[in-house]
Amino acid sequence: MSDPVRIAMWSGPRNISTAMMRAWENRSDTAVWDEPLYGHYLQHTGIDHPMREEIISATETNWQTIVDQLVGPVPGGKSIYFQKHMTLHLMDHIDRDWMDNVVNCFLIRDPAEVIASYAAKRDEVTAADVGFEAQLDVFRHVEKLGGKTPVVLDARDVLQQPEKMLQKLCAAVGVGFDDDMLNWPAGQRDSDGIWGVHWYGVVENSTGFAPYKSSKSVLGDDLSELAAQCRPYYDELFHKRLLPS
């Protein structure tokens, strides 16, 4: 039996990362893990997030234990292990050597759209919250580690052409495309982090990737300035993304 393919997809918040997790989980050959390092991040930083104490209590918070599981046996003996990560959770004190044992991919989204979505859930938004600089830092690490450009997907491309972009993603990570990735049953999943009750309402009602709809126009002056601050980090990755055609 060949070794399993472990896919670590690095995203920022308020992207289509949970929908992407749904797509992979709907394959019969794939196990998923939702934000493995979130509990450790909350415990280490002391940051105030919704359901903070519940998340810390319900999840593993030792980063070494988490990393060992990320590169260890795949749950259920599946041949693909899709790991949904937030890049800001990969803090500097966490050893990154394990990343050489997974296929690292990056999911990006226009800063104005990320910030508009994040602001709808929280009263304040900072550059650190949306994690564009952290995402580029992880990307550069992976690029240097592997000596080649990692896979980058832009959310708009996926929403506009889901089948084509998922086919390209599967080819890039070395697995066959499965039509089951395009549609899934609505509802919660046992694999969802407990924070899903706060963040995942739209995805829980979904049965596939929603058509693309821009949300840039809702930004006020302060948030527009924040989006402009984040844009250079996004742009560097955008120009290295998988192209639709």
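Given the condition modelled with pLDDT under 95 and closer than 21 Å to V202 by Cα, answer yes or no: does some residue in segment 22-41 qualify? Among the residues of segment 22-41, not one is modelled with pLDDT under 95 and closer than 21 Å to V202 by Cα, which makes the answer no. Within segment 47-88, being basic (K, R) and touching a residue at least 12 places away in the same chain (Cβ under 8 Å) holds for K78, K84. Cβ separations smaller than 9 Å between residues 6+ apart or across chains give the following pairs from segment 23-46 residues that are touching a residue at least 60 places away in the same chain (Cβ under 8 Å) and hydroxyl-bearing (S, T, Y) to residues that are surrounded by 20 or more Cβ atoms within 10 Å (Cβ to Cβ) and in a loop (DSSP other than H, G, I, E, B): Y38/T59; Y38/G193; Y38/W195. Residue check: I56 meets all listed conditions (1) under 20 Å from E25 (Cβ atoms); (2) touching a Gly at 6+ places or on another chain (Cβ under 8 Å) but one, namely (1). Only one entry of I55, I47 meets the criterion of being of a type in the set (A, V, I, L, M), at pLDDT 95 or above, closer than 25 Å to A116 by Cα and more than 11 Å from the chain's Cα centre (by Cα), and that entry is I55. Of all residues in segment 145-189 being of a type in the set (K, R) and in a loop (DSSP other than H, G, I, E, B), which is farthest from T30 (Cα to Cα)? Top of the filtered list is K148.
None of G146, G174 is touching a helix residue (DSSP H, G or I) at 6+ places or on another chain (Cβ under 8 Å) and within 21 Å of V102 (Cβ to Cβ) except G146.
The values are calculated or read from the model by the stated rules, or taken from the named source; none is laboratory data. Every value quoted in this text rests on a predicted model; they were computed, and no experiment measured them. In this analysis, Cβ positions are derived from the backbone assuming ideal geometry, glycine residues included, and neighbour counts consider all displayed protein chains.
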